[in-house]
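Working notes, structure below.
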């Protein structure tokens, strides 16, 4: 069911009460004039965009506290304080500073979403930006926690420092590794019962390796013409950092001279092209023969790498929120069968609102990114509640009543400072739950909310002069 426009457009999203403080620090990087964001046909820029660097608290792959960085983009406007939210997850990078918080080339995607009226966060992920160590490449859980914790931090920063809020609509998107990270974040939200905090309206993962142990492994390990050997090195070294069972010394898995030359390229100062160019074209030329044979024992799963690939598969689950997997059949880096297999697995589990869309039967990994982004823009824009005041409710942005206590358990007291005529309570799906009788004077009423489940609710007041006001409370 679509969220009621009048309700959600005026809802100030309040996260559930949490003991953890996620936001650490932020600084403004730049302002992007909307006139420079007119390079994509069909995308009309509406706002200038403020770009922020954000440092936030999250957890590492062992569940211990750490700090990570990301980017945050905000539309520049005085006409509205409530925005839909996009979290965009970036693709594979190896160089530590080639990340959104440095306003890199992929941060432009965030600029375009923001100029259309979304607030946007883009996590750098662990091991990149200002988080130490090697990035845990295509590690589902850390991709997910880095994503959701940045959203939490940006919500804190918006409310405490910028005087704005998101409207409760969350959209997830990403391409390549970002597709895998998007699927991981969506899966993490639903399987950890976080949908009250993160109301995913739509998820659009693009060209992601969701079936690492199947479709993607077949392309990487069984295709003699596979040209991105650096992905294999990145994955082996990253999973060894996470699981600590693949090797002790690089020479145990890499032949000479690669056991000496390759680890240097993983120190955060080199990019993926440099790593790819430093490797031969065939897996067996740089992997130790014993390791190569174990890995290639594909069906017996003799090497522990297969357990780790399976652990980070995120194709075989049942999403409740809508998912559109975007891909091109000619992708030479990420097998299109990742999306096909995910669609089949999800539908077999009973998912009804999932699609896998082939954007171009001959499109490559690079050429598919543009059409995928356009599909994301189009789909999200068809579902989002714009950052604008709907006609006929001109004073609704000014709260004219207070709710005590908030959060609440069994009862709330609503105190008025204007004569009121009608009172309603809605959930975030726009369903009316309470219609309170006419109120004759501007004092207060007490509502019994015992029957309401835990969650965020919207109170609507209609005054005697026809003005409409909104406020919100949390039932815990």
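Please determine, by comparing only the residues of region 119-128 that are in a loop (DSSP other than H, G, I, E, B) and within 17 Å of the chain's Cα centre (by Cα), which one is nearest to residue 64 (Cα to Cα).
126
So how many residues does region 45-94 have that are part of a loop (DSSP other than H, G, I, E, B) and either touching a strand residue (DSSP E or B) at 6+ places or on another chain (Cβ under 8 Å) or in contact (Cβ under 8 Å) with a residue 40 or more places away in the chain (or both)?
14
Would you mind stating whether residue 37 is crowded, with 17+ Cβ neighbours inside 10 Å, modelled with pLDDT of 90 or more and farther than 24 Å from residue 379 by Cβ?
no
As an exercise: evaluate residue 241 against (1) in contact with a helix residue (DSSP H, G or I) (Cβ under 8 Å, 6 or more places away or on another chain); (2) surrounded by 14 or more Cβ atoms within 10 Å (Cβ to Cβ); (3) outside the structural domain of residue 128 (by TED's automatic domain parsing); (4) at negative phi and give the number of the one condition it does not meet.
(1)
Condition first: surrounded by fewer than 20 Cβ atoms within 10 Å (Cβ to Cβ) and either in contact with a strand residue (DSSP E or B) (Cβ under 6 Å, 6 or more places away or on another chain) or outside any loop (DSSP other than H, G, I, E, B) (or both). Now tell me which residues in region 343-353 satisfy that.
To start, the set of residues in region 343-353 that are surrounded by fewer than 20 Cβ atoms within 10 Å (Cβ to Cβ) comprises 343-345, 347-353.
Result: 343, 344, 345, 347, 348.
On the given criteria, is residue 390 within 22 Å of the chain's Cα centre (by Cα), assigned to a loop (DSSP other than H, G, I, E, B), at pLDDT below 90 and surrounded by fewer than 20 Cβ atoms within 10 Å (Cβ to Cβ)?
Against the criterion (within 22 Å of the chain's Cα centre (by Cα), assigned to a loop (DSSP other than H, G, I, E, B), at pLDDT below 90 and surrounded by fewer than 20 Cβ atoms within 10 Å (Cβ to Cβ)), residue 390 does not qualify.
Between 235, 266, 275, which is in a loop (DSSP other than H, G, I, E, B) and not assigned by TED's automatic domain parsing to the domain that holds residue 132?
Only one candidate qualifies: 266.
Looking at residue 200 and the list (1) farther than 30 Å from residue 95 by Cβ; (2) out of contact with any strand residue (DSSP E or B) (no Cβ under 6 Å at 6 or more places or on another chain), which single condition is not satisfied?
If we test residue 200 against (1) farther than 30 Å from residue 95 by Cβ; (2) out of contact with any strand residue (DSSP E or B) (no Cβ under 6 Å at 6 or more places or on another chain), just (2) comes out false.
Considering only region 260-287, state which residues are surrounded by 17 or more Cβ atoms within 10 Å (Cβ to Cβ) and over 32 Å from the mean Cα position of the chain (by Cα).
278, 279, 283, 286, 287
Against the definition (within 16 Å of the chain's Cα centre (by Cα), under 30 Å from residue 236 (Cα atoms) and modelled with pLDDT of 95 or more), how does residue 146 come out, yes or no?
Judged against the criteria, residue 146 is a match.
What do you reckon, is residue 116 surrounded by 21 or more Cβ atoms within 10 Å (Cβ to Cβ) and either within 12 Å of the chain's Cα centre (by Cα) or on the phi > 0 side of the Ramachandran plot (or both)? Reasoning before the result, please.
Values: surrounded by 21 or more Cβ atoms within 10 Å (Cβ to Cβ): yes; either within 12 Å of the chain's Cα centre (by Cα) or on the phi > 0 side of the Ramachandran plot (or both): no.
No.
Looking at region 160-168, can you tell me whether even one residue there is under 21 Å from residue 186 (Cα atoms), modelled with pLDDT of 95 or more and within 16 Å of the chain's Cα centre (by Cα)?
no
Only one residue in 324, 318 is part of a strand (DSSP E or B) and either touching a strand residue (DSSP E or B) at 6+ places or on another chain (Cβ under 9 Å) or in the same structural domain as residue 374 (by TED's automatic domain parsing) (or both), so which one is that?
Answer to the selection: 324.
For region 248-263: of the residues being assigned to a loop (DSSP other than H, G, I, E, B) and in contact (Cβ under 8 Å) with a residue 24 or more places away in the chain, which is nearest to residue 304 (Cα to Cα)?
Among those that are assigned to a loop (DSSP other than H, G, I, E, B) and in contact (Cβ under 8 Å) with a residue 24 or more places away in the chain, it is 253.
Looking at (1) part of a loop (DSSP other than H, G, I, E, B); (2) at pLDDT 95 or above, which is the only condition residue 303 fails?
Going through (1) part of a loop (DSSP other than H, G, I, E, B); (2) at pLDDT 95 or above one by one, residue 303 breaks only (2).
Name the residue, out of 139, 111, 90, that is over 16 Å from residue 54 (Cβ atoms) and crowded, with 20+ Cβ neighbours inside 10 Å.
That would be 139, the only listed residue that is over 16 Å from residue 54 (Cβ atoms) and crowded, with 20+ Cβ neighbours inside 10 Å.
So in region 149-167, with the set limited to residues that are in contact with a helix residue (DSSP H, G or I) (Cβ under 8 Å, 6 or more places away or on another chain) and surrounded by fewer than 21 Cβ atoms within 10 Å (Cβ to Cβ), which one is nearest to residue 180 (Cα to Cα)?
Out of the qualifying residues, it is 165.
The values are calculated or read from the model by the stated rules, or taken from the named source; none is laboratory data. Given the structure is predicted, the values throughout are model-derived calculations rather than measurements. Please note: Cβ atoms are built from the backbone with ideal geometry, for glycine as well, and neighbour counts cover all protein chains shown.
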